[in-house]
Amino acid sequence: MTMLKLFGIIFFCGLFSPSQEVLSGLSCAISPGAMENVLSNAILQDGLLQQHLQGLVLPTIMGGDGGLLNSPTSITGLHLVRVRFPKLSVLLVSGIGIKLTISAKLQFSGSCLIGLLPEAIDVFVDVKITANIKCTNFESGTVQVVVDDCLCILGTVKIKLLSGLLSLSINDIILTQLTATLPGLLCPVIHIVVNLVNIRLMGTINSVVPVGKAGTIHYQLANLPFTSGLFLGLDLDGSVKQVGGSIIPHDSSPSTLPPLLDNLLVLTLRQSFLNAVLALIVQIPQQTLPCTPESVSVAASLGTVMCCMWVAPPCVLDSPQCSACQGTSPLTIKLSLLGNPIIILEDNKATVELSALIQLSIKPLDGPIITLLLLKADLSLNVQVSISGGKLMLVLSLG
């Protein structure tokens with residue numbers, strides 16, 4: 001079961017409903033650190049922010065005192081060329097959602113005309129963008145992302161001009177122009193980026209995971225995520241379907257999330273859900289094992305003895321009445337699973353219990369198959385739980 005990948009998801013939908021810690025279905029608690037990692041990778045490391053900031057152009061800046069014989073100055077074509085030192089952080093706010101903060105140094109390049117002297121100009125500005133991220137309109141496992149209260153704060157502004165002829169008044173005009181225009185340009189980009197991340201990551205939670213040839217598990221967001229101030233909680237529906245579409249039911253009664261402590265992520269899998277998955281995975285067809293002389297040295301004589309015990313009237317071994325038994329087929333052992341396996345979860349311990357039916361039969365030379373023995377065996381298997389390659393692994397062994 002590719003569980004961990006499925007929970008690396010809509011972290012920024014921190015949200016909206018009153019704080020709660022009792023969930024139904026499948027659930028997980030995600031730390032702010034884990035959210036930062038996922039969002040930083042999706043927005044910064046994958047170049048999504050840089051991609052949507054490319055082509056950002058500032059309006060023409062006009063100034064009356066350019067510093068060279070008070071020549072008029074115009075700065076045109078200022079466009080973003082580089083996003084330097086981007087950094088992302090998140091803060092969980094109960095009842096509000098996630099407060100997203102992105103800081104970076106933006107480099108703009110353009111043309112500066114001082115009088116009749118054109119030359120290239122570079123403008124470096126430190127920006128800090130904060131926004132509240134909420135999710136609303138939950139429907140059929142999907143949510144709508146809303147960006148509220150986007151605020152863009154400008155820090156240090158540096159201007160690089162080879163001639164160094166710009167006056168302090170032009171510096172002030174540039175700062176004023178950036179302060180007036182950048183928030184209106186950057187906040188819509190943040191809104192676009194957040195929605196794109198939502199679309200990309202929703203596919204990792206609302207997904208269908210094949211389980212070999214036995215069936216599938218359909219994961220879907222069960223309701224709006226919520227924030228407690230310490231973690232983001234997600235509640236999921238896990239529908240276990242057999243080939244053909246029939247659903248294996250499981251109980252989704254509420255349970256309490258364990259403390260997050262120092263973990264990045266805590267997953268809660270209900271015992272009933274694991275039982276449904278086991279019922280899907282452990283579908284062992286009836287096994288027929290012939291008890292031949294090649295496999296069991298006394299099989300032939302054992303079969304004859306068993307046959308003689310069942311013929312009527314009872315015969316004595318090697319007597320003429322028992323001649324029919326001399327041509328019997330070998331003993332046959334049939335193994336079949338009774339019902340579905342059940343997993344029992346205890347503190348630091350997991351056990352799988354299952355029952356099997358063992359049938360010992362024989363077929364005389366002339367006559368129907370005779371069942372000699374029916375035996376029910378109840379097995380209790382120890383379960384070793386581990387995570388490997390982003391998958392939950394259950395290793396069963398005899399106690």
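Out of Thr216, Thr176, Thr156, Thr142, report the one residue that is within 29 Å of Val243 (Cα to Cα), among the hydroxyl-bearing types (Ser, Thr, Tyr) and in the same structural domain as Lys99 (by the TED database). Even if it seems obvious, please write down each step before you answer.
Working: Thr216 fails: in the same structural domain as Lys99 (by the TED database); Thr176 fails: within 29 Å of Val243 (Cα to Cα); Thr156 fails: within 29 Å of Val243 (Cα to Cα).
The match here is Thr142.
Select, from Leu335, Leu345, Leu357, the only residue that is over 21 Å from Ala377 (Cβ atoms) and either at pLDDT 60 or above or in a strand (DSSP E or B) (or both).
Only one candidate passes the filter, namely Leu345.
Being within 44 Å of the chain's Cα centre (by Cα), small (Gly, Ala, Ser) and modelled with pLDDT under 90 narrows it down to one residue among Gly115, Gly141, Gly155, Gly184; which is it?
Only one candidate passes the filter, namely Gly141.
Between a first residue in region 152-169 that is closer than 13 Å to Ile75 by Cβ and open to solvent by 80 Å² or more (accessible area, probe 1.4 Å) and a second residue that is in a strand (DSSP E or B) and modelled with pLDDT of 80 or more, which pairs have beta carbons less than 6 Å apart while being 6 or more apart in sequence or on different chains?
Within 6 Å, the pairs are Lys160/Asp122.
Looking at Val38, Val93, Val81, Val57 in this structure, which one is open to solvent by less than 60 Å² (accessible area, probe 1.4 Å) and modelled with pLDDT of 90 or more? Step through it out loud before you land on a result.
Details: Val38 fails: modelled with pLDDT of 90 or more; Val93 fails: modelled with pLDDT of 90 or more; Val57 fails: open to solvent by less than 60 Å² (accessible area, probe 1.4 Å).
Result of the check over Val38, Val93, Val81, Val57: Val81.
Take Asp251 and decide whether it is open to solvent by less than 40 Å² (accessible area, probe 1.4 Å) and under 21 Å from Leu392 (Cβ atoms).
Taking the combined requirement at face value, the residue does not satisfy it.
Looking at Leu201, Leu186, can you tell me which residue is open to solvent by less than 20 Å² (accessible area, probe 1.4 Å) and not in a strand (DSSP E or B)?
After applying the criteria, what remains is Leu186.
Out of the residues in region 6-22 that are among the aliphatic types (A, V, I, L, M) and either open to solvent by 10 Å² or more (accessible area, probe 1.4 Å) or assigned to a helix (DSSP H, G or I) (or both), state the one that is modelled with the highest pLDDT.
Val22
Considering only region 205-234, state which residues are surrounded by fewer than 23 Cβ atoms within 10 Å (Cβ to Cβ), farther than 20 Å from Leu264 by Cα and hydroxyl-bearing (Ser, Thr, Tyr).
Of everything in region 205-234, those that are surrounded by fewer than 23 Cβ atoms within 10 Å (Cβ to Cβ), farther than 20 Å from Leu264 by Cα and hydroxyl-bearing (Ser, Thr, Tyr) turn out to be Ser207, Thr216.
The values are calculated or read from the model by the stated rules, or taken from the named source; none is laboratory data. These numbers were taken from a predicted model, which means no experiment stands behind them. Counting neighbours? That spans all protein chains shown, and the Cβs are built from the backbone with ideal geometry, glycine included. These area figures cover heavy atoms from the full protein model, side chains too; ligands, DNA and RNA do not enter into them. Shrake-Rupley method; radii C 1.70, N 1.55, O 1.52, S 1.80 Å.
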